[in-house]
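Take a look at the structure below.
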């Protein structure tokens, strides 16, 4: 999920809609988007009411335009920010608002963070079974085999790391195995 104050629409990936079997409806006012790809027009003809939750504290539903995109599954733009009266802290990169009288602050995901059983990102079996009982749908990534951690970068990967050195740290942070 991406929150983007520069987007005038809330959008959802057509692939996500298809894979989850979400119900769509004809857009009441079809139009063309041009900001996603220069020179290409994407015709918006469908919309979908997307229900989502982030942990047990925040659940929501948002009308989204259904479009083909691969940057993310859901992009929340200015309509979502306006409707929720969000406050964006650019320094901390957080969004704060109240939902059903409860203060909510959304923070960026830190992949290096360790997660507990209560985390909505990594669940043990008992927590997963409880989530299945309490939810209308579940997205799950199941790891069938754990990769062995290594302490060196394979030769085959080194050119790729060099090519993208502007976005890859020089050193892997302590505690993160290279897999």
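The values are calculated or read from the model by the stated rules, or taken from the named source; none is laboratory data. What you see is a predicted model, and the numbers here were worked out from it, not measured in a lab. Note that each Cβ is placed from the backbone with ideal geometry, even for glycine, and that neighbours are counted across all protein chains shown.
If you check 71, 120, 127, 131, which single one turns out to be at pLDDT below 85 and closer than 19 Å to residue 18 by Cβ?
Within the list 71, 120, 127, 131, the selection yields 71.
Select from segment 138-164 the residues that are part of a loop (DSSP other than H, G, I, E, B), modelled with pLDDT under 75 and either surrounded by 10 or more Cβ atoms within 10 Å (Cβ to Cβ) or assigned by TED's automatic domain parsing to the domain that holds residue 61 (or both) and list them in ascending order.
Hits for segment 138-164 are 138, 139.
List every residue pair whose Cβ atoms sit under 8 Å apart, with the two residues 6 or more apart in sequence or on different chains, where the first one lies in segment 44-64 and is farther than 14 Å from residue 25 by Cα and not assigned by TED's automatic domain parsing to the domain that holds residue 13 and the second, anywhere, is surrounded by fewer than 17 Cβ atoms within 10 Å (Cβ to Cβ) and at pLDDT 85 or above.
Listed pairs, sorted by first residue: none to list.
Please give the strands (runs of 3 or more DSSP E) falling wholly within segment 1-112 in which 1 or more residues are in contact with a strand residue (DSSP E or B) (Cβ under 6 Å, 6 or more places away or on another chain) and closer than 30 Å to residue 127 by Cβ.
So the answer is 11-13, 42-54, 58-67, 74-76, 94-99, 102-106.
In this structure, does residue 108 turn out to be modelled with pLDDT of 75 or more and within 20 Å of the chain's Cα centre (by Cα)?
Against the criterion (modelled with pLDDT of 75 or more and within 20 Å of the chain's Cα centre (by Cα)), residue 108 qualifies.
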